[in-house]
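Structure first, commentary second.
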Amino acid sequence: MTDSGSTPDGPLPAQIPSLPRRIARGAAVAIGVAVGSGFIPYYLLTHFKPASVGFGVAATLPLLLGIAIGLIEGAATTLRPTRLYGPLSILSGLVGIGYLYVIFQNSTIHVSVTSGGLSIGFGLLILLLILITGLAMVAGVVTLAEDLAHPGERLPFDYPAR
Amino acid sequence: MANRTPRPRPPTLYRAARAIQRISAVLLVLVLIFAGVATYSGIRFAQGVQQGSSQQLGGFTTRFTANQTLDLSAQYPLNNSGVLPVNGLSIALAVRNPLGVLLTRGSTGGVQIASGGRAAVPFSLAISLSNSSPAGSLLVTDQELSIFIWANVTYAYLFPVQLSFEQSYGWGAPFHGLSTTFATPFVLPNGTVGVNSTLSFSDHLNLTLQGSLELRLDSAGGSTCGVLSYPMDLHSGVDYQSTQTAYLVSGCNPLGGTVRGVIIGPAFSFALPTQEIPP
């Protein structure tokens with residue numbers, strides 16, 4: 001499942017963690033990302049709804065997309081030593097951009113206050129996050145290009161032997 | 001101490017990918033921290049805007065002007081308790097009467113408030129008191145006005161914020177309960193008909209009234225039967241009552257007609273709502 005590392009001057013040792021350890025790490029990443037991008041937005045949206053906070057997206061949508069991003073990120077972490085890491089990073093970036101785009105289209109929060117209302121637009125913030133996610137996706141593209149051109153070349157640097 | 005072989009320089013693509021990853025991670029953290037600070041700061045600021053208005057808005061100073069308008073001016077207090085400065089804040093107000101009719105609107109813009117600072121934004125609202133204006137009743141009737149307030153600002157460069165709310169304001173009319181009553185007409189030996197007319201009202205406006213109030217008694221046909229003049233030097237909260245005698249034009253009967261009042265001050269003059277004289 002793993003690729004071996006090599007350099008032009010000779011093979012450089014790579015110490016790739018065992019599959020169970022990578023699965024454990026991938027699970028931790030998946031849970032962290034799913035909580036951060038799925039469950040926390042879901043909680044905030046459902047928690048503030050009774051307080052007359054209006055948001056144009058159903059709370060389950062960020063939850064599902066956040067879980068999807070978490071699963072892809074977890075898989076990418078687990079499969080980092082393989083050539084699937086680049087495509088999974090790109091896929092994660094694409095789903096992340098889709099997730100942010102959905103929020104961008106509804107990027108104004110309406111809050112009812114005493115005898116009136118408060119509207120806060122955060123479209124520019126989401127655009128910035130889309131740019132950052134795009135940047136992370138570019139990193140995945142570069143990694144994919146590296147894996148295609150020089151398979152296994154990055155492994156000694158990703159997993160240096162101690 | 002063991003000899004350590006220097007690690008070879010990672011390949012270019014690897015370095016490029018890691019550099020991009022690190023840059024995006026750092027940017028993400030910075031943006032999230034900034035967004036968190038801006039959100040917290042914005043909420044504090046919005047609370048300050050609403051708190052300030054509910055505490056002090058309504059402390060209007062009023063002034064009649066020469067072109068039949070009533071000028072209301074106020075200082076709108078703003079307290080920026082957030083951690084970021086506020087730039088380019090604009091505030092708009094609209095005043096409606098109890099029937100929902102728009103009486104006036106005003107706005108101010110370009111307000112700057114430093115973090116933790118306070119600002120008193122000056123406002124001036126002009127209400128037309130011409131005969132055709134729906135605001136005419138403000139002169140003679142106390143009423144509960146609705147003040148709609150909008151505040152717009154792009155906060156922390158990223159967040160356009162619009163705060164809007166409504167506030168009621170108890171308006172005290174300067175001629176509240178304006179009434180003209182007439183006693184039984186009498187005839188002078190020379191044949192002239194006179195009638196005693198009593199004018200009464202309460203000055204509920206925070207304004208001193210100086211000048212005179214001229215009343216014109218018109219017949220149902222529109223011809224002027226007589227003129228009355230009441231000198232005034234009134235202070236807020238005072239009940240006014242005064243009786244004057246009108247000498248009517250021969251053959252003119254004001255019963256079933258109207259009383260038209262004009263208040264004439266040192267620098268203003270405007271008409272009061274017309275009163276009907278019972279037949």
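What the table below lists for this structure:
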read-out: Flag for A:V111 being among the hydrophobic types (A, V, I, L, M, F, W, C) and facing another protein chain (nearest Cβ under 10 Å); value: yes
read-out: So B:T69, is it in the same structural domain as B:D142 (by TED's automatic domain parsing), of a type in the set (V, I, T) and surrounded by fewer than 19 Cβ atoms within 10 Å (Cβ to Cβ); value: no
read-out: Subset of region B:105-119 [open to solvent by 10 Å² or more (accessible area, probe 1.4 Å) and part of a strand (DSSP E or B)]; value: B:R105, B:G106, B:S107, B:T108, B:G109, B:G110, B:V111, B:Q112, B:R118, B:A119
read-out: Breaking point among (1) open to solvent by 30 Å² or more (accessible area, probe 1.4 Å); (2) not in a strand (DSSP E or B), for B:F148; value: (2)
read-out: Single residue of B:P98, B:P122, B:P77 found to be open to solvent by 20 Å² or more (accessible area, probe 1.4 Å), in contact (Cβ under 8 Å) with a residue 40 or more places away in the chain, within 30 Å of B:S269 (Cβ to Cβ) and in a strand (DSSP E or B); value: B:P122
read-out: Region B:238-276, residues that are β-branched (V, I, T) and in contact with a Cys (Cβ under 6 Å, 6 or more places away or on another chain); value: B:V249
read-out: Condition met for B:G170 (outside any strand (DSSP E or B) and open to solvent by 30 Å² or more (accessible area, probe 1.4 Å)); value: no
read-out: Lone unmet requirement of (1) part of a helix (DSSP H, G or I); (2) more than 9 Å from every other protein chain (Cβ to nearest Cβ); (3) open to solvent by 30 Å² or more (accessible area, probe 1.4 Å); (4) under 22 Å from B:V153 (Cα atoms) for A:L124; value: (2)
read-out: Some residue of region A:81-91 being over 15 Å from B:Q21 (Cβ atoms), part of a helix (DSSP H, G or I) and either open to solvent by 20 Å² or more (accessible area, probe 1.4 Å) or within 14 Å of another protein chain (Cβ to nearest Cβ) (or both); value: yes
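The values are calculated or read from the model by the stated rules, or taken from the named source; none is laboratory data. From a predicted model like this one, the values you see are computed outputs, not experimental measurements. Positions of Cβ are generated from backbone atoms using ideal geometry, with glycine treated the same way; all protein chains shown enter the neighbour counts. Keep in mind that these areas ignore ligands, DNA and RNA; they rest on the heavy atoms of the full protein, side chains included. Shrake-Rupley method; radii C 1.70, N 1.55, O 1.52, S 1.80 Å.
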